[in-house]
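Some notes on the structure that comes next.
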Amino acid sequence: MITAQDTDILKQILPKIDYTAALVPDAGKEAVRKACETAKQYKFATVCVYPTWTKYASTLMEGTGIGILIAVGFPHGSTNTEGKVSEARQICIDGATEIDMVINIARLIEGDYEYVESDIRAVVETAREYGVGVKTILETGYLSDALKRKAIEIAISAGAEYIKTCTGFGPGKASIHDIMLISEVAKGRIKVKASGGVASLEDQWEFIKLGASRVAGRGNIVEQLQEIGVFGAL
């Protein structure tokens, strides 16, 4: 059990959190504002909001050094490539500093690997024009281990910066098995993000120890921090 006295551990967790409390369908301006304030309070890595709030969040977070993480093709990945590219370009213009892109899950399952790679590469290259990195979301709950391995290789080939496990809207969640699998396949060629059903600081710490450079965190993580007496960055 992590406590407020575990400052060395907490100092490693908090700066790796992508804060996703506002990534729910009914999150309006007030929810976005609160998420931004919480991200600033704890100095999380990023605050994640939907594309429609990119400009607003960017204004709120200006000068903080905290990233604006925006999802593309979210949550199902079935948007055509042209749509993903257009979305990526606009959010970069509006102030996004990082992108989480859902791969085309159905195309991957059908074995259309060329399409999946082209889809990722198009978004990666567009984001790169603005100095923005891309995390590719696998949605592991739909995939066999063989397909996870294939998707990781595709993402690496396409130039993605990260592999991310899940959206949090599908059937799967971050697991020790999948973080170990990704780390084994990646061999340091791509960073790892654990996302989807991350229930506690203890979960986050386990994933970080296994090689995750980023971990998702929602309101439940902030509640746990407050319960143990941590009310800001350490």
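General remarks:
- Options Thr64, Thr79, Thr3, Thr52; residue that is in a helix (DSSP H, G or I) and polar (S, T, N, Q): Thr52
- Given (1) in contact with a strand residue (DSSP E or B) (Cβ under 7 Å, 6 or more places away or on another chain); (2) surrounded by fewer than 16 Cβ atoms within 10 Å (Cβ to Cβ); (3) assigned to a helix (DSSP H, G or I), number of the condition Ala57 does not satisfy: (2)
- Total residues in the stretch 216-229, condition surrounded by fewer than 20 Cβ atoms within 10 Å (Cβ to Cβ) and touching a helix residue (DSSP H, G or I) at 6+ places or on another chain (Cβ under 9 Å): 3
- All conditions but one from (1) open to solvent by 40 Å² or more (accessible area, probe 1.4 Å); (2) under 24 Å from Ile208 (Cβ atoms); (3) of a type in the set (Val, Ile, Thr) apply to Val102; the one that does not is (1).
- Selection within the stretch 82-111 - of a type in the set (S, T, N, Q), without any contact (Cβ under 8 Å) to a residue 40 or more places away in the chain and not in a helix (DSSP H, G or I): Asn104
- Tally, over the stretch 191-215, of residues that are under 20 Å from Gly67 (Cα atoms), hydrophobic (A, V, I, L, M, F, W, C) and either free of Cβ contacts under 8 Å to residues at least 12 places away in the same chain or open to solvent by less than 10 Å² (accessible area, probe 1.4 Å) (or both): 4
- Just so you know, in the stretch 137-148 the residues that are part of a helix (DSSP H, G or I) and within 20 Å of His76 (Cβ to Cβ) include one that is nearest to the chain's Cα centre (by Cα), and it is Thr140.
- Residue match in the stretch 88-98 (condition: open to solvent by less than 20 Å² (accessible area, probe 1.4 Å) and closer than 23 Å to Ile13 by Cβ): no
- Condition check for Val134: within 24 Å of Ile179 (Cα to Cα), part of a helix (DSSP H, G or I) and either in contact (Cβ under 8 Å) with a residue 60 or more places away in the chain or open to solvent by less than 20 Å² (accessible area, probe 1.4 Å) (or both): no
- Within the stretch 162-178, if we keep just the residues that are closer than 20 Å to Ile99 by Cα and touching a helix residue (DSSP H, G or I) at 6+ places or on another chain (Cβ under 8 Å), the residue that is most open to solvent (accessible area, probe 1.4 Å) turns out to be Lys173.
- Sub-6 Å Cβ pairs linking a first residue in the stretch 14-28 that is at pLDDT 95 or above and open to solvent by 10 Å² or more (accessible area, probe 1.4 Å) to a second residue that is small (Gly, Ala, Ser) and assigned to a loop (DSSP other than H, G, I, E, B), at least 6 apart or interchain, are Pro15/Ala45; Lys16/Ala45, ordered by first then second residue.
The values are calculated or read from the model by the stated rules, or taken from the named source; none is laboratory data. Bear in mind that the values here come from a model prediction, so they are computed numbers and not experimental data. Cβ atoms come from the backbone with ideal geometry, glycine included; neighbour counts cover every protein chain shown. The protein model used for the area step is the full one, side chains on, heavy atoms only, and it has no ligands, DNA or RNA in it. Shrake-Rupley method; radii C 1.70, N 1.55, O 1.52, S 1.80 Å.
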